[in-house]
């Protein structure tokens, strides 16, 4: 019996990483793995905010479907998010940024599963990145009168086994203990653990629903 | 719901009051039934977090859903009944309402559930792309502010608040 190998087209190399970095544009599609059995719309026929894992929105993993006119688009597939790397090398393969060809693995070492039943949700990169607004800072039940600004950037974060991997970078301008300036700073962690993120996450959900820009990738 | 002016000479204000009251009651019943269906369908997601969060969500729904529905029906004076209504209960522990009206008016209300402190509600209202209101508010206060900003007469009395009242004035 022939062993099924992990798709070679998803393995990062310095050359391919460089090409994708140059090719990705605002019109390219970003794909997100939806939760099992999740419908895109509620019974009220509005986008169900549950479709995106907002709890993990800071650093949310995405894969790209490059626009058809980009040469590397032939190596992208809607099925790319259906692969899951398993085994004792998962940390090295999945949670490590790709930096050099020294990280190219031996194919035989890659253990993975493929789940064809995963629902894939997509959006245009520029639609998500166009979401920016002011937000109030709220802590311990008190809302500051001053408003700050948040923005979303979709950044390229290839890993050794996923050359098409991107992440959501959420940034806000409220001062922190480490940085008292009003410069943009990366917001991290689970959203439900930080009440100041409530209004930002609510605003993002509302704009996604209002502008109805999510779709199922089939 | 749009109420037509009655040009009939036999116009009877008392029966019109009863008719409009009946429409309002039906709208309210419909919205309450619909939001309950949403709650029943989506609230089990909270159980994936914890039983405590589910109970907090249930209490929030019981305490405020009827109030929200009643206040939203107050919008019908000016904007008609909502053309789309959605309540989602999400795994980041929130109850998220969407009310879409004609003329590009859309109201979002999201309550984040907390176990160790009061729940937080964040509201936003858009008229097309323009934000009419956004902020953290108690639900009743927030909806009253929104009604005021939209020029909607605010009263808890269903008769005083009914569209019949303005309807009758319009038809004089």
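The values are calculated or read from the model by the stated rules, or taken from the named source; none is laboratory data. Please read all numbers here as calculations on a predicted model, not as lab measurements. Virtual Cβ from ideal backbone geometry, glycine too; neighbours counted across all protein chains shown.
Criterion applied to A:29, A:20 was being under 24 Å from residue A:116 (Cβ atoms) and at pLDDT 95 or above, and the one residue passing it is A:29. Against the test of being in a helix (DSSP H, G or I) and touching a helix residue (DSSP H, G or I) at 6+ places or on another chain (Cβ under 8 Å), the options A:133, A:127 yield a single qualifying residue, A:127. Residue count for segment A:101-124 under the criterion of being surrounded by 11 or more Cβ atoms within 10 Å (Cβ to Cβ), touching a residue at least 60 places away in the same chain (Cβ under 8 Å) and assigned to a loop (DSSP other than H, G, I, E, B): the result is 5. For segment B:23-74, a residue qualifies if it is under 17 Å from residue A:44 (Cα atoms), within 13 Å of chain A (Cβ to nearest Cβ) and surrounded by fewer than 16 Cβ atoms within 10 Å (Cβ to Cβ), and the qualifying residues are B:30, B:33, B:36, B:37, B:40, B:41. Going by the conditions given, is residue A:132 farther than 30 Å from residue A:89 by Cβ, within 14 Å of chain B (Cβ to nearest Cβ), touching a strand residue (DSSP E or B) at 6+ places or on another chain (Cβ under 8 Å) and surrounded by fewer than 18 Cβ atoms within 10 Å (Cβ to Cβ)? So residue A:132 fits the description; yes.
Annotation: residue A:91 fulfils all but one of (1) surrounded by fewer than 18 Cβ atoms within 10 Å (Cβ to Cβ); (2) modelled with pLDDT under 95; (3) more than 30 Å from residue A:197 (Cα to Cα); the unmet one is (3). Quick check: anything in segment A:184-191 surrounded by fewer than 18 Cβ atoms within 10 Å (Cβ to Cβ), within 29 Å of residue A:23 (Cβ to Cβ) and in contact with a helix residue (DSSP H, G or I) (Cβ under 6 Å, 6 or more places away or on another chain)? So far as segment A:184-191 goes, no, none of its residues is surrounded by fewer than 18 Cβ atoms within 10 Å (Cβ to Cβ), within 29 Å of residue A:23 (Cβ to Cβ) and in contact with a helix residue (DSSP H, G or I) (Cβ under 6 Å, 6 or more places away or on another chain). Inside segment A:32-66, residues that are facing chain B (nearest Cβ under 8 Å), outside any helix (DSSP H, G or I) and either modelled with pLDDT under 95 or surrounded by fewer than 20 Cβ atoms within 10 Å (Cβ to Cβ) (or both) make up a count of 4.
Being away from every other protein chain (no Cβ under 14 Å) and at pLDDT 95 or above is true of residue A:160. With respect to (1) part of a helix (DSSP H, G or I); (2) out of contact with any strand residue (DSSP E or B) (no Cβ under 6 Å at 6 or more places or on another chain), the lone exception for residue B:35 is condition (2). Within segment A:195-216, is even one residue more than 14 Å from chain B (Cβ to nearest Cβ) and under 19 Å from the mean Cα position of the chain (by Cα)? Yes, there is a match, as at least one residue in segment A:195-216 is more than 14 Å from chain B (Cβ to nearest Cβ) and under 19 Å from the mean Cα position of the chain (by Cα).
Residues checked against (1) away from chain B (no Cβ under 14 Å); (2) in a strand (DSSP E or B); (3) touching a residue at least 12 places away in the same chain (Cβ under 8 Å):
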{"position": "A:148", "(1), (2), (3)": "no, yes, yes"}
{"position": "A:151", "(1), (2), (3)": "yes, yes, yes"}
{"position": "A:168", "(1), (2), (3)": "yes, yes, yes"}
{"position": "A:182", "(1), (2), (3)": "yes, no, yes"}
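Exactly one condition in (1) in a loop (DSSP other than H, G, I, E, B); (2) touching a residue at least 12 places away in the same chain (Cβ under 8 Å); (3) surrounded by 17 or more Cβ atoms within 10 Å (Cβ to Cβ) is not met by residue A:5; state its number. The failed condition is (3). For segment A:184-194, the set of residues classified as at the interface with chain B (Cβ under 9 Å from one of its Cβ atoms) and in a helix (DSSP H, G or I) consists of A:191, A:192, listed by residue number.
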